[in-house]
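*Asks:* Here it is, the structure, as structure tokens.
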Amino acid sequence: MTERTFRFAVREDADLILSFIKGIAEYENMSDEVVNSKELIEEWVFDKQAAEVLFVMEDGKEVGFALFFHNYSTFVGRSGLYLEDLFVFPQYRGRGHGKALLEKLAKIAVDRGYGRMEWVCLDWNKPSIDFYLSEGARPMTGWTTYRLSGDTLRNAANQSSSPA
């Protein structure tokens, strides 16, 4: 019988975190979009504390991860947990690790007094959508995610006439 445990990442895990990020990017056919690095993870996750990483472990080995941060809902009046990535290495899928990670994140959100937990999922990712629905999550209808990044973000910033 395998033992499942959890642990939060520490700075020395930056390379491991990057391997999970590259794994999810490969799964999503987006490997060419990953510009992250060990140094950026160290800076943004650990120095600036912009996100947290939780590992699920099988017999002491990290087999899955969740990267999350808090957001704030003006309507609910509380922070929420925003799940950026949840990924289990393919050879460890089907053992309940993804479900355990999602449930552990829900407990973290409740324990911290957060008002909700949110994430996005690619429209084509039927296995993940089916999993989320089975856990009681519901898609948000009527909302579309918008993004500024790279040159469009810099162009928008340059259009600003007011100082920061």
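*Asks:* Identify, by number, the condition in (1) assigned to a loop (DSSP other than H, G, I, E, B); (2) under 13 Å from the mean Cα position of the chain (by Cα) that Asn29 doesn't meet.
*Replies:* Looking at each condition in turn, Asn29 falls short on (2).
*Asks:* Moving to a separate point now. Give the number of residues within the range 117-144 that are under 15 Å from the mean Cα position of the chain (by Cα) and either at positive phi or among the acidic types (Asp, Glu) (or both).
*Replies:* Residues in the range 117-144 being under 15 Å from the mean Cα position of the chain (by Cα) and either at positive phi or among the acidic types (Asp, Glu) (or both): 1 in total.
*Asks:* A follow-up question, please. Please enumerate the residues belonging to the range 50-62 that are closer than 23 Å to Thr5 by Cα and within 15 Å of the chain's Cα centre (by Cα). Give the steps one after another, and end with the answer.
*Replies:* Kept after step one, since they are closer than 23 Å to Thr5 by Cα, are these residues of the range 50-62: 51-62.
Selection gives Ala51, Glu52, Val53, Leu54, Phe55, Val56.
*Asks:* Then there is this: Can you tell me which residue within the range 17-26, out of those that are surrounded by fewer than 16 Cβ atoms within 10 Å (Cβ to Cβ) and of a type outside the set (S, T, N, Q), is farthest from Phe65 (Cα to Cα)? Break it down stepwise before answering.
*Replies:* Taking the range 17-26 as the starting set, the residues that turn out to be surrounded by fewer than 16 Cβ atoms within 10 Å (Cβ to Cβ) are 19, 22, 26.
Filter again for of a type outside the set (S, T, N, Q), leaving 22, 26.
Working: Lys22: 12, Glu26: 15 Å.
The selected residue is Glu26.
*Asks:* Of all residues being aromatic (Phe, Trp, Tyr) and in a helix (DSSP H, G or I) in the range 101-142, which is surrounded by the fewest Cβ atoms within 10 Å (Cβ to Cβ)? Just the residue, please.
*Replies:* Step one: list which residues in the range 101-142 are aromatic (Phe, Trp, Tyr), which gives 114, 119, 124, 131-132.
So of that shortlist, the ones also in a helix (DSSP H, G or I) come out as 131-132.
Working: Phe131: 16, Tyr132: 18.
Here the answer is Phe131.
*Asks:* Let me ask something else about it. Check the range 47-61 and report whether any residue there is touching a helix residue (DSSP H, G or I) at 6+ places or on another chain (Cβ under 9 Å), part of a helix (DSSP H, G or I) and modelled with pLDDT of 95 or more.
*Replies:* The answer is yes, given that some residue of the range 47-61 is touching a helix residue (DSSP H, G or I) at 6+ places or on another chain (Cβ under 9 Å), part of a helix (DSSP H, G or I) and modelled with pLDDT of 95 or more.
*Asks:* Do you know which of the residues in the range 1-26 that are within 26 Å of Asn125 (Cβ to Cβ) and among the basic types (Lys, Arg) is farthest from the chain's Cα centre (by Cα)?
*Replies:* Top of the filtered list is Arg4.
*Asks:* Let me ask something else about it. Could you tell me how many of the residues in the range 81-100 are more than 13 Å from the chain's Cα centre (by Cα) and either in a loop (DSSP other than H, G, I, E, B) or closer than 12 Å to Met117 by Cβ (or both)? Reasoning before the result, please.
*Replies:* To start, the set of residues in the range 81-100 that are more than 13 Å from the chain's Cα centre (by Cα) comprises 89-97, 99-100.
Among the residues that remain, those that are also either in a loop (DSSP other than H, G, I, E, B) or closer than 12 Å to Met117 by Cβ (or both) are: 89, 93-96.
The total comes to 5.
The values are calculated or read from the model by the stated rules, or taken from the named source; none is laboratory data. All values derive from a computational prediction rather than experimental measurement. Don't worry about glycine lacking a Cβ; one is built from the backbone with ideal geometry, like all the others, and counts go over all protein chains shown.
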